[in-house]
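First up is the structure itself, then whatever we jot down about it.
The values are calculated or read from the model by the stated rules, or taken from the named source; none is laboratory data. Every value quoted in this text rests on a predicted model; they were computed, and no experiment measured them. For neighbour counting, all protein chains shown are included, and Cβ atoms are generated from backbone atoms with ideal geometry for every residue, glycine included.
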Amino acid sequence: MTRLVLASSSPARHAMLKAAGIDPEVLIPTADEQALSDQFKTNNPNHTTSQLVAYLADAKAESVVGLQETFGALVLGGDSALEFQGATLGKPHLAEVAIERWKQLRGNHGVLHSGHCLIDNRDPAAPKMVSKTSSTKVYFANITDAEIEAYVATGEPLKVAGAFTIDGIGGAFIDRIEGDAQTVV
């Protein structure tokens, strides 16, 4: 049976695959996501959020595909970012950033873009790669400052694209989505 290697540190991506009956091996990508993102934006000043997440998904998969552990396997990389009012929003990392972001998001909507790259490394001498992106519109509830602060205090929104999840606590603060829910995970 062909092995699947997930080149991602995302617990949600891992859980989604497991829920589908796939138990991937996990390798944390060695790609410096921030440096790659900055470089891409500099080299492509008119980029779209969709193009950025596709590039980062490719880079994550490619960062592990040369490792012996991936020989003979399929390698999957992924990345997500929220497009909001013309800006690309990734992981906030800091509570203050997440709070300010949620104050802007509440009562509004954005588009969550997810990029995925699958590299067939069953023949390491000639790997084959395919990349796709998907986009889903997310409508945020008009929550209070106290709800925002309580949510951010859980730590959940600090390390996820757009500062929210739909498969965790943050799901309570999403009014609806238009598109595939799996894009948002």
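The rows are residues; the columns are (1) touching a residue at least 12 places away in the same chain (Cβ under 8 Å); (2) within 24 Å of the chain's Cα centre (by Cα).
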{"residue": "LEU118", "(1), (2)": "yes, yes"}
{"residue": "PRO124", "(1), (2)": "yes, no"}
{"residue": "VAL130", "(1), (2)": "yes, yes"}
{"residue": "PHE140", "(1), (2)": "yes, yes"}
{"residue": "THR144", "(1), (2)": "no, no"}
{"residue": "ALA153", "(1), (2)": "yes, yes"}
{"residue": "GLU156", "(1), (2)": "yes, yes"}
{"residue": "VAL160", "(1), (2)": "yes, yes"}
### Query
Restricting attention to segment 162-185, which residues are touching a residue at least 40 places away in the same chain (Cβ under 8 Å), in a strand (DSSP E or B) and within 15 Å of GLY107 (Cα to Cα)?
ILE177
### Query
Would you pick out the residues in segment 13-44 that are within 21 Å of ALA181 (Cβ to Cβ) and either buried (at least 18 other Cβ atoms within 10 Å of the Cβ) or in contact with a strand residue (DSSP E or B) (Cβ under 7 Å, 6 or more places away or on another chain) (or both)?
ARG13, HIS14, LEU17, ILE22, PRO24
### Task
Among the residues of segment 56-78, write down those that are acidic (Asp, Glu), buried (at least 19 other Cβ atoms within 10 Å of the Cβ) and either closer than 20 Å to THR2 by Cβ or in contact with a Phe, Trp or Tyr (Cβ under 8 Å, 6 or more places away or on another chain) (or both).
GLU62
### Query
Counting residues that are at pLDDT 95 or above and touching a helix residue (DSSP H, G or I) at 6+ places or on another chain (Cβ under 8 Å), which strands (runs of 3 or more DSSP E) fully inside segment 42-130 reach at least 3?
73-84, 109-120
### Task
Out of the residues in segment 142-185 that are in contact with a Pro (Cβ under 7 Å, 6 or more places away or on another chain) and small (Gly, Ala, Ser), state the one that is nearest to ARG101 (Cα to Cα).
ALA163
### Summary
The lone condition ASP23 fails out of (1) among the acidic types (Asp, Glu); (2) under 18 Å from MET129 (Cβ atoms); (3) not in a strand (DSSP E or B) is (2)
